[in-house]
């Protein structure tokens, strides 16, 4: 069984005032087939975790480890992480002018598998995925995300997830900016990908609405770069009713106690 194991992860970014710590010792283990929801207020480190797993150069890893099936991910380049089975669905998918969706996806599949997929089977899989996600087939020949609406960009992200079949997927606020219909379609795509491949999911979100469609096995609350609480799906329901205030207050109180005298 594949496992993504994060241990005592500490991450910072460079600012004009010097390094700024973001993650301050995160522990998290995701096993094949599990869905983990990460929730928390803005600035708590959720997206930093996502981009650190993917290998974004902006984020400096100051300590800890990320291991995929026992192999240190932090020693891998970005493309090596993708080939090892890691996938990131971005909160703000980028446009790639001059590269069609069809060519982009087939090139990515070729890089992952080491050989190009057979044309007939590939076209069939592509069309089936687009149909299931209610994307017009004409999008296959449009440039990646160029002129796409927010919902179309997110559907394209999930189409990548379905076709590239990673071991673990990190979905960074995939529900952001989606209307009710698009949210349901995207969620169905995620559930379909999980059912077909058994992948593990790390689902980052502010809100519980996507969790009505993608049911988490575990919920983790991020506050001030730490995992402040963990539980099952019932924790998400409690957050919906109570918010994050008690966690934020507890973190502020702990920071005050730990602060140097005279600071």
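Its Cα gyration tensor gives the range 4-107 an equivalent ellipsoid; the semi-axes, largest first and in whole Å, are 24, 19, 14. Here each label is just a point 7 Å from Cα along the line to Cβ, and for residue 195 and residue 42 those points are 3.7 nm apart. For helix 101-113, what angle does its Cα long axis make with the longest principal axis of the chain, in degrees from 0 to 90 and rounded to 10? The helix 101-113 is inclined about 70 degrees to the chain.
In degrees, nearest 10, range 0 to 90: what is the angle between the Cα axis of helix 150-164 and the longest Cα principal axis of the chain? Value to nearest ten degrees: 80. What translational diffusion coefficient, to the nearest whole µm²/s, does the chain have by Stokes-Einstein, given a Kirkwood radius computed over alpha-carbon pairs, a temperature of 10 °C and 1.306 mPa s viscosity? Reported coefficient: 82 µm²/s.
Temperature 4 °C, viscosity 1.567 mPa s: under these conditions the Stokes-Einstein estimate for the range 96-181, based on its Kirkwood radius over C-alpha pairs, is 96 µm² per second. Shown is the FRET efficiency for residue 108 and residue 16, computed with R0 = 35 Å from the Cβ-Cβ distance and rounded to the nearest 0.05: 0.45.
Site pair residue 94 and residue 27 shows an inter-label distance of 3.5 nm when each label is modelled 7 Å from Cα along Cα→Cβ. Multiplying the residue separation of residue 116 and residue 207 by 0.36 nm and removing their Cα-Cα distance gives an extension gain of 28.8 nm. Summarising the strand pairing of the chain, around 60 percent of its internal DSSP beta bridges are antiparallel. Taking every DSSP helix (H) stretch of at least 4 residues in the chain, weighting each as -39,500 (n - 2.57) and dividing the sum by the residue count yields a mean residue ellipticity at 222 nm of -12000 deg cm²/dmol. Gyration tensor analysis over the Cα atoms of the range 192-263 returns equivalent ellipsoid semi-axes of 32, 14, 8 Å (largest first, whole Å).
Rounded to the nearest 10 degrees, the angle from helix 119-132 to the longest Cα principal axis of the chain is 60 degrees. Over the range 107-263, the alpha carbon radius of gyration divided by the compact-protein estimate 2.2 N^0.38 Å works out to 1.31.
Applying 1/(1 + (r/R0)^6) with R0 = 30 Å to the Cβ-Cβ distance of residue 241 and residue 8, what FRET efficiency is obtained, to the nearest 0.05? So the FRET efficiency works out to roughly 0.40.
Values in this text are rule-based calculations from the coordinates and carry no lab data. Everything numeric here is computed off the predicted structure, so don't read it as measured data. Ideal geometry is used to build each Cβ from the backbone, glycine not excepted, and the neighbour counts take in all protein chains shown.
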